[in-house]
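Here's the structure we're looking at; comments come further down.
The values are calculated or read from the model by the stated rules, or taken from the named source; none is laboratory data. Small disclaimer: the values here were computed from a predicted structure and weren't measured. Don't worry about glycine lacking a Cβ; one is built from the backbone with ideal geometry, like all the others, and counts go over all protein chains shown.
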Amino acid sequence: MKKLIKNGTVVTASETYEADLLIEDGKIAAIGSNLSANGAETVDAKGCYVFPGGIDPHTHLEMPFGGTVSKDDFESGTIAAAYGGTTTVIDFCLTKKGEPMQSSIDEWHAKSKDKAVIDYGFHLMIGEINDDVLQEIPRVISDEGITSFKVFMAYKNVFQADDETLFRTLVTAKELGGLVMVHAENGDVIDYLTKQAIEKGQTDPIYHALTRPPEVEGEATGRAAQLTGLADSQLYVVHVSCSDAVEKIAEARRKGFDVWGETCPQYLVLDQTALEKPNFEGAKYVWSPPLREKHHQDVLWNALKNGDLQTLGSDQCSFDFKGQKELGRGDFTKIPNGGPIIEDRVSILYSEGVTKGRISLNQFVDITSTRIAKLFGLYPQKGTIAIGADADLVLFDPTVERTISADTHHMAVDYNAFEGMKVTGEAVSVLSRGEFVIRDKQFVGSPGTGKYVKRAKYGQTLTANADEVISK
Ligand SMILES: NC(=O)NCCC(=O)O
Ligand SMILES: [Zn+2]
Ligand SMILES: [Zn+2]
């Protein structure tokens with residue numbers, strides 16, 4: 001059914017203006033003043049911003065990790081994402097050494113297909129490079145539309161890849177049009193520091209942070225950036241948490257290297273002292289990289305403002321406190337790493353960023369949606385408000401004040417890392433390809449309506465003519 005969104009303020013990465021939007025067949029069909037259309041349902045957006053749907057480039061839904069499985073799956077995770085104003089997620093498909101990558105991709109399709117309520121894509125982990133992997137990658141790009149590849153520089157003996165794997169992935173990505181993503185921490189040094197801590201009986205959650213100091217993130221980020229320059233390739237550093245890593249990304253960009261950086265809400269608003277909470281509550285705040293000392297937050301905010309960092313991911317990887325985080329009582333190395341963020345990513349950036357004057361409204365749209373769409377081959381089908389784009393839209397009331405809490409969130413876990421935080425602004429209604437998923441703060445979607453999106457190659461647009469190159 002046609003829909004007419006009237007009286008809202010349309011915000012894109014570059015413009016803010018009053019306009020009506022006509023939605024037809026899931027796409028934006030017209031933008032203008034006083035639009036009318038026979039048979040269209042009228043939706044009043046008075047007092048609301050109309051944003052392009054948020055795109056979360058970093059989720060781990062129903063992912064086996066740390067001796068358990070992340071609790072939010074493609075159903076609860078995408079419902080929570082939609083409540084928060086996100087209309088597309090790109091999830092990490094984990095591969096296993098020695099096994100065909102396609103079997104992992106099939107596994108990820110099986111767990112998402114009938115569950116997702118918004119659109120989704122996959123990144124693919126590269127854990128090793130050999131002839132089989134090199135043979136599979138071109139087909140993964142052309143048939144699956146997976147155009148981003150993740151290399152872990154940490155999690156020794158679990159996911160960690162060596163430098164040869166990283167370098168050859170960069171070379172291959174350059175050749176085939178992929179974007180290489182890195183979890184940049186020096187896993188070997190962390191392994192050594194961790195063993196030392198455990199030997200000394202330092203087992204509390206805070207030692208998770210103390211054994212992964214900013215230097216190990218800075219070193220790995222610098223190494224990945226240098227290898228990217230050498231390969232003349234392209235790199236996206238996920239979950240940047242500290243000034244040491246920001247400096248390396250900024251330096252690489254100054255040299256003209258094609259290097260991009262993402263941070264996450266937790267690093268912008270939480271700090272390392274959270275890991276010292278009594279009664280093992282610090283385990284709720286165990287992420288890798290870890291929360292940092294507070295002074296790193298200013299550096300991250302400045303980097304978002306000046307463009308040294310360009311995107312915000314959630315790194316959604318949620319575990320219950322009871323029964324899951326608790327696996328690490330008495331040994332911090334057994335605490336599953338990660339937390340529930342998918343729902344609050346957009347509103348935290350709006351509230352802490354826009355309303356506090358740290359970034360502009362248009363930067364907010366760029367950081368949560370447009371830039372991500374451009375980098376990950378979704379633009380201009382997604383990530384903007386333009387004629388012909390998917391009608392993935394968020395009607396956002398900038399005046400609402402609310403308090404984040406596990407009592408009211410929609411994620412499947414028993415705590416919220418931002419419990420008690422007051423935020424201004426809330427997604428009131430959310431549309432995915434022209435259909436309401438959230439309407440007046442109520443979920444009205446259905447599992448299975450989210451579609452898998454095949455993405456364009458790095459630097460290309462997602463249109464019928466996928467050879468068109470976008471300006472980055
Ligand atoms: N970040 C984290 O602690 N958990 C999720 C997995 C990862 O991104 O490294
Ligand atoms: Zn990571
Ligand atoms: Zn992650």
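Quick notes on this structure:
- For region 149-170, residues that are over 15 Å from A225 (Cβ atoms) and either away from ligand 1 (no atom under 14 Å from the Cβ) or surrounded by fewer than 24 Cβ atoms within 10 Å (Cβ to Cβ) (or both) total 11.
- Test: residue in region 91-102 that is free of Cβ contacts under 8 Å to residues at least 40 places away in the same chain, within 15 Å of ligand 1 (Cβ to nearest atom) and within 23 Å of G445 (Cβ to Cβ): yes
- Count - residues of region 43-87 that are within 13 Å of ligand 1 (Cβ to nearest atom) and among the hydroxyl-bearing types (S, T, Y): 3
- Failed item in (1) buried (at least 23 other Cβ atoms within 10 Å of the Cβ); (2) within 12 Å of ligand 1 (Cβ to nearest atom), with S288 passing the rest: (1)
- Residue among D204, D244, D191, D258 that is away from ligand 2 (no atom under 15 Å from the Cβ), under 27 Å from L134 (Cβ atoms) and among the charged types (D, E, K, R): D258
- Scanning region 99-113 for residues that are surrounded by 13 or more Cβ atoms within 10 Å (Cβ to Cβ) and not in a helix (DSSP H, G or I) gives P100, K113.
- Subset of region 68-98 (residues that are surrounded by 22 or more Cβ atoms within 10 Å (Cβ to Cβ), part of a strand (DSSP E or B) and not aliphatic (A, V, I, L, M)): T86, T87, T88, D91, F92, C93
- Residue match in region 329-344 (condition: in contact with a strand residue (DSSP E or B) (Cβ under 8 Å, 6 or more places away or on another chain), more than 16 Å from ligand 2 (Cβ to nearest atom) and modelled with pLDDT of 95 or more): yes
- Each residue in region 432-451 was checked for being of a type outside the set (S, T, N, Q), closer than 9 Å to I118 by Cα and outside any loop (DSSP other than H, G, I, E, B), and 1 of them qualify.
- Filter result for Q272 (polar (S, T, N, Q), within 16 Å of ligand 1 (Cβ to nearest atom) and buried (at least 21 other Cβ atoms within 10 Å of the Cβ)): no
- Options V140, V189, V238, V171; residue that is within 16 Å of ligand 3 (Cβ to nearest atom) and of a type in the set (V, I, T): V238
This table checks each residue for (1) within 16 Å of ligand 2 (Cβ to nearest atom); (2) under 17 Å from the mean Cα position of the chain (by Cα).
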| site | (1), (2) |
| --- | --- |
| V10 | no, no |
| A19 | no, no |
| L35 | no, no |
| G39 | no, no |
| D56 | yes, yes |
| A81 | no, yes |
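- Taking region 13-30 as the range and being buried (at least 18 other Cβ atoms within 10 Å of the Cβ) and under 18 Å from G434 (Cβ atoms) as the test, the residues that pass are A19, D20, L21, L22, I23, I28, A29.
- Filter pass, R358 being outside any helix (DSSP H, G or I) and either surrounded by 24 or more Cβ atoms within 10 Å (Cβ to Cβ) or in contact with a strand residue (DSSP E or B) (Cβ under 8 Å, 6 or more places away or on another chain) (or both): no
- The listed residues are A154, A116, and the only one of them that is within 16 Å of ligand 3 (Cβ to nearest atom), in contact with a Gly (Cβ under 8 Å, 6 or more places away or on another chain), in a loop (DSSP other than H, G, I, E, B) and over 23 Å from G459 (Cβ atoms) turns out to be A154.
- Exactly one residue among G313, G330, G383 is more than 16 Å from ligand 3 (Cβ to nearest atom) and buried (at least 22 other Cβ atoms within 10 Å of the Cβ), and that residue is G383.
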